[in-house]
1. What would the Debye equation give as log₁₀ I(q)/I(0) for the range C:207-362 at q = 0.10, 0.15 Å⁻¹, counting only Cα atoms as equal point scatterers?
2. What is the distance, in nm, between label points placed 7 Å from the Cα along the Cα-to-Cβ direction at A:L99 and at A:I221?
3. Taking only Cα atoms and a 10 Å spring cutoff, compute GNM fluctuations for chain C and point out the largest among C:G57, C:G188, C:G49.
4. Students often get this wrong, so check it: of B:K95/C:K225; B:K344/B:K381; A:K275/B:K349; C:K164/C:K335, which have C-alpha atoms separated by over 29 Å?
5. Check every DSSP H run in chain B and write down those whose alpha carbon atoms cover 27 angstrom or more along the long axis and whose mean Kyte-Doolittle hydropathy is -1.0 or greater.
6. Restricting to Cα atoms and excluding each atom paired with itself, what does the Kirkwood estimate give for chain B in Å?
7. In whole angstrom, how far apart do the alpha carbon centroids of the range C:355-409 and the range C:122-161 sit?
8. What does the charge count near A:E210 come to, summing +1 for each Lys or Arg and -1 for each Asp or Glu among other residues with Cβ under 13 Å from its Cβ?
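The values are calculated or read from the model by the stated rules, or taken from the named source; none is laboratory data. Note that the coordinates shown come from a computational prediction; the quantities given were computed from them, not determined experimentally. Please note: Cβ atoms are built from the backbone with ideal geometry, for glycine as well, and neighbour counts cover all protein chains shown. Please note that ligands, DNA and RNA were not included when accessible areas were found on the heavy atoms of the full protein model with its side chains. Shrake-Rupley method; radii C 1.70, N 1.55, O 1.52, S 1.80 Å.
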Amino acid sequence: MKIINIAFAFFCLISLNAQQIAKSTYGTFLLKGATVHTITKGDIQADVLIQDGMIKSVASGITAPANAEVIDVSGKHIYPGMIDAGTTLGLVEVSSISLTNDNNEIGDLTPHVEALTAINPSSVLIPVTRVSGVTTVIAKPAGGLFAGTASLISLVGYTPDQMYAGFKGVVLNFPSSGKRGRRDRRSDEDIKKDTEKAIKNLDKIWTQAEAYAAMNKDKSIADYNPEMEALKLVVNGERMLMVEVNKKDDILTAIKWLKGKDIKAVLTGVTEGYKIAKEIADSGLPVITGPMLAVPARAEAAYDASYTNPSIMLKAGVKVAIRSDDTENVRNLPFNAGFAAAYGMGVEEALKAVTIVPAEIFGVADKYGSIEEGKMASLFVSDGDPFETKTQILNLFINGWNVPIESRHTLLYDEFIERSPGLNKK
Amino acid sequence: MKYKFWVFIALMFSTFSIGAQDVDIKLSSTYAIQNAHIIQKPGKSIEKGTLIIKDGVIIDVGTNVSIPADAILVKGDSMYVYPGFIDAYNNIGEKKKEEKKNEEKIENPGNPPNDRAGITPERSLSEVFDGGDKSIAEWREAGFTASLSAPSDGMLPGKASIIIHSGHDASSSILKENMGTIGTFQSANRIYPATIIGVMAKYRDLFRQTSYAMKHESAYKANPIGMARPAYNKSLMALIPVVDKSQYLYMEAEKLKDISHALTLQKDLGFNIALVNVKQGGQYIDVIKSQKMPLVLSLDIPESKDKKDKEKDGDKKEKGEKEKDKKDEDKEKKELDPEVEAMKVRRDKAIMEYQSQAALFAKNGIEFGFSGKDIKGKDVKKNVKIMMEQGITEDQILTSLTLTPAKMLGVSNVLGSLEKGKIANLFIATAPYFDEDSKIKYVFVEGEQFEYEVKKKKAKQEGKEGTITGLYACTIDVPGDQRNITISIAKSDDSYTLIIENEGDEKEIDDFTIDGNRVSFPMEINEDGFTMKLKYDFTIDAGEIDGSVIAGEFGSFPLKGERTGDPKL
Amino acid sequence: MKYIIYTILMFCCFGAFAQETGNVLIKNATVITVTKGTLENADVLITNGKIAKIGKGISAGSDTKTIDATGQFVMPGIIDAHSHIALDAVNEATDPSTAHVWVGDALDPFDVSIYRALAGGVTTSHAMHGSANAIGGQCETIKHRYGVMDPNELRMVGAPRTIKFALGENPMRVHGEGRGIVPRTRMGVEQVFRRSFSEAKEYMEEWDDYNSGKTKVPPVYDLKKETVADILKGDIIIHCHSYRADEILMLMNVCKDFGITKLCFQHVNEGFKVAPELAAFGAGASVFADWWAYKFEVYYSTAFNAAILLRNGVVASINSDSGELIRHLYHEAAKTQRYGGLTDEEALSLITINPAKQLGIDDRVGSLEVGKEGDVAIFSKHPLSVYAIPQYTIVDGVVRFDINNDPADMRIDINPEDEVSTFFENTKHHDHDNCMRDAMELFTEK
């Protein structure tokens, strides 16, 4: 089913016009002559052969197979598609219009609600994102204690199943002892009480989940209980727990809470990780942090606290992935990584933080995160460093699909750079 | 019995009160305070002097004074007589406001009626004055015998008057009416002016409208023929004395930015400005000095919370809990977060700025009065002593509480010092005012004597370790008031009996929870169709009760008490 | 005593006195003047707060601080044509027209956002009233003299007066939906302007009659009408929050009818659709680099907006409208190279000389030219590179940000009543409703 008539695809390419996105094509592609930034195996001058959705070969002087479309990318650069380890893409279309927001279900205990169910493959935001080289994202639910189940998706396809990229995790918003905003008038004392209560509640739920998991080890004997069924997967270590936690004290509490629980977990957010980088490293927990382009969370924090946070954690020995935590501007993931790179992380490590590191955290490093034979062909061609602001993305492949570099934004540009009619209607 | 108890509880949370009626038989209006240490004014005192009061006036003061035959003798041996303090800006005697209910909805929030927008410069203190208001007695007890008092609320709440704290009606309390107009930066609730930018614009509009109204008025007076009649606008009329500079605008300007706003308006609109209730004015010393602005500093100063905690710890230690405390301390030390400590150091520095404001002004030779607007009378001494730690002298404090405000308010001929011919406003303390143990025993307001019980420190009675039983004398802090009750907790076998008592009325509580040293119980009051649910919640630790009474939406009120003996059985 | 010492120390740290100016010599840098090309290995001398010399081999006396900027890049201090930092109040949302209020009355010199903006090379910003009302309050152009204690010392004295207008969803939401009064539609918004301008015209005539002696009774003084009259007289530049093409055209038509020419659109996400009309009117356009889709009126947006506007002859700028974006406007400007391929000089003009033009201060700031004010930002790399790190930011010749002397805690005024330290969740997310601060409370019933 994945094979599409090349001629038909070509026809579609010709017939494109403004406000209408050209179709993605599938087939065999040979990208010739670029510098390949493999991430895992250094930067090499090589050709890349894409076939059956996979990277068939990375070598110099590959002979094009008979049916291959050869694309001359000499002097250009090939990077693996970037992975944004935390977004709301596909779940939220226009954030101020609540009925277009599918990320926040009612209730504190909704681990069973699935982001993948509500992903809108036709979201206008998706093409805008992928043309920046971000090919794979976590779409995550928010709100409540156990917010729901996040999914890793590839930004190509017309059904959630086509997009699903092989990882799911349950989001836990760890009880926060921070203020919710300027209008949060609670005193430190009140907040402390609220937090203690919330952690007690979390412990209670967890004890129940453990009991449920033990009781229903082989098959379900209990009554219909979708919440516990979802948590059972976490308790059994089959599904990752994505623990959103940001304030220093809360991070420490979360580490303590996770200690001794034999589960897969990742800390997300981790705004103040820089204050306790060593403790996080000692815990062995990986971290997904971001955005860097954020105001520091305390008035007295250094102006560059968000910029330097990932590098400080990395240097302490933490496995760090970077996310944008955005919706319509997930395209700024490379810029977040660029700031992290500038403020101590270095370009090489920052690149890993948006490619192979998240792939490893999510257990999909066999498919994504680097340019290696046998991996999925999610990669892009650019005229330079993808973090550098002025760099242009020239070609884009996601799971082997040759995706047009088009979005609402480019189409509007094409239409309006020289408007016709212009000022005077003839 | 029970009915009375309900009434008490209801009263406790209501906005009015009834005091016990004193039996008051007056023998004479002449007093002779004998053989006392008389501080006539800061820096001038008389050892073993005598002061004679007749019909509210000091008729003689000195060492060699003859005592009139009809004089009531006040033995002043080893006591100290001070001129009554003057609060240079407060709302003492202002009638407690009734809760605003069912106010009409404002049709046009961008242009609401003046009175709803907080613009009532026409309001005199006498319109809102209540001689029986508790604030008068409270401040009198603290040695304050007169004040500049103003209506409160809103950006232009009204006009201030000088009052003396006799507690009588307006006609005898008000010394000088409509001394000046008060201005604040308070915004209105959801109507214009709803923000500081609205308030500033409204000032400009009102002042400029007033000056044009004055022009119109005078043109009309000169020749009304064929001219539209000036509209009557009471707010604008009331602002005329400010606009024509015959009266000060007393601007409430607590923080640095408030002062900046006040000075900006003064520059734009050119009125005579006085700055009152200033808390953070150090930055503007030069302007205040060069323009000779009347200045009233706030007596409300922040205290370092950590220092307070330490003092509390110190108290505990006295009670022989040293060992337990030491453990806590060690534990605390381990948990000290250097970042948090650094923040505390910065905050303490900021606090010190507030505490040292008065010293800074004094050192720069700027005269000022004091305002007790945001504190209780009983906290004055504690706060001025903190100011003194920052370098202001006793005499400078006394001057700011007596001579300077008298001068500033133009009443130094009758108030501010103990001199022949002045109004007999004074207080008598058991020791020099600034001594820790000094207590005020008498206050005279315009020759009228008020006597206060000087309590000796009672030794605290602690119950047995770990028990909570006992008879506790408690106070509940209700805004502007303190209520005294007694709580008795008795235990026989395994069951507790809990009794609350007030002025002889007892009520046994049936539905209570005791968890270790924590006691809580609900209480419901029905009074004239008014239902209120209270919740008592407190802990008993080493013979001390600490907790609160929660009164639904009215908030929570601190409850404190100490063990005075064995429980009632 | 300790207080005094502390105060003195603080003053030394920030070098802050009223309208303080300084002398600085920057050596051996790549000097990007924006208006007059880029010079390699050049020096910039600032004397008494003004740029005195630009060239090679400049020397200065010992009273001049010398910065060795070898390998670094010097550019004019960045200007943000739309921000709400350093303000205690943003919206007086009680009426569809509040021309009489002025955010210059609510300046907050203690807002640490000012320092964070300095740490991004921003020296001047346009502190604006919010967008709750069709005619909002007057705005204030401020200089980032962080460290001053008196709010007045933030003002850029002499900068032209400006006022905030707002079209579309925000005024419709606050007044129409929130209160049930006009405007609930974009049709109604137009009428707010037409009515205000007409009433102000009548008001001016009444005063003319009174001043010429034709009438004897002075009209009732009305600060709101006074202000709108000043717009009609050309004394105030309109800065209008807007998104959709139709409403942009509407306001241009209204202005034409009342003879108003000083007009700059803010956000103007659909400005690209009517770029030829904007250019013909001579209206400015101050846009986001890439914000879109957070509400319906910005759903049909493009990050190529600035490029399309500039290429069509509109004086365009990139603004922040955010305490976050203001920290890296140099990066926001660089996005016009990804989205539209602007040259370095064009991209930098969007955050320097162009916003200066929109605020009417281009004769004083916005480029490195002799005689202009000594507002300069020094970067480790070319400021349009994502890897550029601001090193120094200088305002009036006074170093206000120095990366080598940069304590973490830069708060000035600490409220003793506040908790010792407060962590805010959700600072990670851009607050798209900055423009609506103080307004939400007013029309959301508790």
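1. For the range C:207-362 at q = 0.10, 0.15 Å⁻¹, log10 I(q)/I(0) is -0.41, -0.77.
2. So the label points at A:L99 and A:I221 sit 4.8 nm apart.
3. C:G57
4. Numbers: B:K95/C:K225 39 Å; B:K344/B:K381 26 Å; A:K275/B:K349 25 Å; C:K164/C:K335 26 Å.
From the list (B:K95/C:K225; B:K344/B:K381; A:K275/B:K349; C:K164/C:K335), the Cα-Cα distance tops 29 Å for B:K95/C:K225.
5. Working: long enough: B:196-222 (39 Å, -0.38).
What comes out of the filter, once short or polar helices are dropped, is B:196-222.
6. Details: mean 1/r = 0.0372 Å⁻¹.
Mean inverse Cα-Cα distance, inverted, gives 26.9 Å.
7. Comparing the Cα centres of the range C:355-409 and the range C:122-161, I get a distance of 18 Å.
8. So the environment of A:E210 carries a net charge of +2.
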